[in-house]
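Accompanying notes for the structure given below.
The values are calculated or read from the model by the stated rules, or taken from the named source; none is laboratory data. Given the structure is predicted, the values throughout are model-derived calculations rather than measurements. When we count neighbours, we look across all protein chains shown, and the Cβ atoms used for this are built from the backbone with ideal geometry, even at glycine.
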Amino acid sequence: MKFGIIRERKSPPDRRVVLSPMACQHILAKYETAEIVVEPSPIRTYTGAEYKQAGIPVASKMEECDVLLGVKEVPIDALITNKKYFFFSHTIKKQPYNRDLLRAILEKNIELYDHEVITNAKEQRLVAFGRYAGIVGAYNGFRAYGLKYDTFKLPKAEELPDQTALIDALKQIQLPNIKVLLTGRGRVGNGSREMLDGMGMRRVTVSEYLSEEFNEPVYCQIDAGEYNKRKDGVRGNKIDFFKNPEEYKSNFFRFAEVTDYYIAGHFYGQGAPYLYTREDAKQPDFKIKVVADVSCDIDGPVASTIRPSTIAKPVYGYNPKTEKETDYKNKSAIAVMAVDNLPCELPRDASEGFGEAFLKNVIPAFFNDDKDGVLQRARMTQNGKLTERYAYLQDYVDGKE
């Protein structure tokens, strides 16, 4: 089995990679029949020299490989016919901008395996960059706070080498006695929590957060059961919420009344109530002035997120009264950090973490006849057609949706 690590060609450039030089070494040491070739790249976070030093050949020979591994979408003109590809295709939700990509994959008889749908038998994702999005998102939010109020200056995350350096930078800043709210307890939310704990911020309970004042900055991490409640007044729970989101309404405003900086690290499902609406943000008791929207659902559950921001320009302002963009330094503006490719700012850490998961959960399937069905569940296309599991995308491919 010959694996090829492809060059990332999407713009803006992405420096991440599925397998680091060390991960490649582990594969070759464990599987005698495995081979790996790395396509040359001028932007990859690991240089060609680092792969060569690890004994991995670097050559433009992707057409000789059986399986091609990438991170972001492959441009249509770079797709190689009759190959197996792994990358984030951003098609499973019928994203209009990638319809032609999926059509081309089918026309070129490519077997597509989307990282987003690599799951275990319980449908739990096995590989993801979410933790690193949470890490960088929390850091960027503090940086936005300092920029908005001119209280301190932090370097951009992309200018620092790793998570440890980000935490060290946060330890140097002097924060006022603000309250920081974090939603979500998954990979993203817990990645953000690593940063808050790492910088030494005190964590408080929901009741303490809502009712008490503190002489130091504090944070509270909450999940769906704490910012939603059933419409019928019956006591709900997280499992019921995810099963019946339409039966719930938001209970978030009580947090918005006491929060200075909000980190949105939750998963938002179809049919769930918004955390706060544009009308909520207009209320005089709405206190949030800085938002790090790591989840980045545009015009969705976090009303102030009206567009994604970029690594180059990560912060913009939202005017609650006009519902329009404004200078984030305006007193009435909510400063919004909504970079939608946050792990790119920590490419080495993100690549190492992703590669460890890929090595553990995906690579074995190529050598054990896919006994756990990992490849089968993630295979979106085969023999020029959508597989049964992804047949729901046919109308999308046909242009009917």
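What tally of residues in region 363-401 results from selecting those that are within 23 Å of residue 126 (Cβ to Cβ), of a type in the set (D, E, K, R) and touching a helix residue (DSSP H, G or I) at 6+ places or on another chain (Cβ under 9 Å)?
Here the count works out to 6.
Name the residues in region 10-38 that are without any contact (Cβ under 8 Å) to a residue 60 or more places away in the chain and over 17 Å from residue 55 (Cα atoms), would you?
Residues satisfying the conditions are 11, 13.
Does residue 213 count as among the acidic types (Asp, Glu) and surrounded by fewer than 16 Cβ atoms within 10 Å (Cβ to Cβ)?
yes
When the residues of region 249-280 are filtered to those that are within 17 Å of residue 319 (Cα to Cα) and among the aromatic types (Phe, Trp, Tyr), which remaining residue is surrounded by the most Cβ atoms within 10 Å (Cβ to Cβ)?
Within region 249-280, the subset within 17 Å of residue 319 (Cα to Cα) is 256, 260-262, 276-280.
With the extra rule that they be among the aromatic types (Phe, Trp, Tyr), the set shrinks to 261-262, 276.
Details: 261: 24, 262: 27, 276: 23.
Taking the candidates together, the pick is 262.
Could you figure out which of (1) without any contact (Cβ under 8 Å) to a residue 24 or more places away in the chain; (2) part of a loop (DSSP other than H, G, I, E, B); (3) not basic (Lys, Arg) isn't true of residue 316?
Just one mismatch for residue 316, condition (2).
Taking into account only those residues within region 354-401 that are closer than 16 Å to residue 101 by Cα and of a type in the set (Ser, Thr, Tyr), which is nearest to the chain's Cα centre (by Cα)?
390
Pick from 293, 285, 327: which is touching a strand residue (DSSP E or B) at 6+ places or on another chain (Cβ under 8 Å), outside the structural domain of residue 44 (by TED's automatic domain parsing), surrounded by fewer than 22 Cβ atoms within 10 Å (Cβ to Cβ) and among the charged types (D, E, K, R)? Show your work before the answer.
Details: 293 fails: surrounded by fewer than 22 Cβ atoms within 10 Å (Cβ to Cβ); 285 fails: touching a strand residue (DSSP E or B) at 6+ places or on another chain (Cβ under 8 Å).
Just one listed residue meets the conditions, 327.
Go through region 1-112 and tell me which strands (runs of 3 or more DSSP E), entirely inside it, have 3 or more residues that are within 27 Å of the chain's Cα centre (by Cα).
Passing ranges, in order: 2-5, 67-69, 84-87.
Check every one of the helices (runs of 4 or more DSSP H) wholly within region 205-308 and list those with 3 or more residues that are at pLDDT below 95.
Result: 224-227, 238-243.
Residue 384 - would you say it is in contact (Cβ under 8 Å) with a residue 12 or more places away in the chain, in contact with a Cys (Cβ under 9 Å, 6 or more places away or on another chain) and not assigned by TED's automatic domain parsing to the domain that holds residue 301?
It is false that residue 384 is in contact (Cβ under 8 Å) with a residue 12 or more places away in the chain, in contact with a Cys (Cβ under 9 Å, 6 or more places away or on another chain) and not assigned by TED's automatic domain parsing to the domain that holds residue 301.
For region 245-286, which positions are basic (Lys, Arg) and under 21 Å from residue 331 (Cα atoms)?
Hits for region 245-286 are 278, 282.
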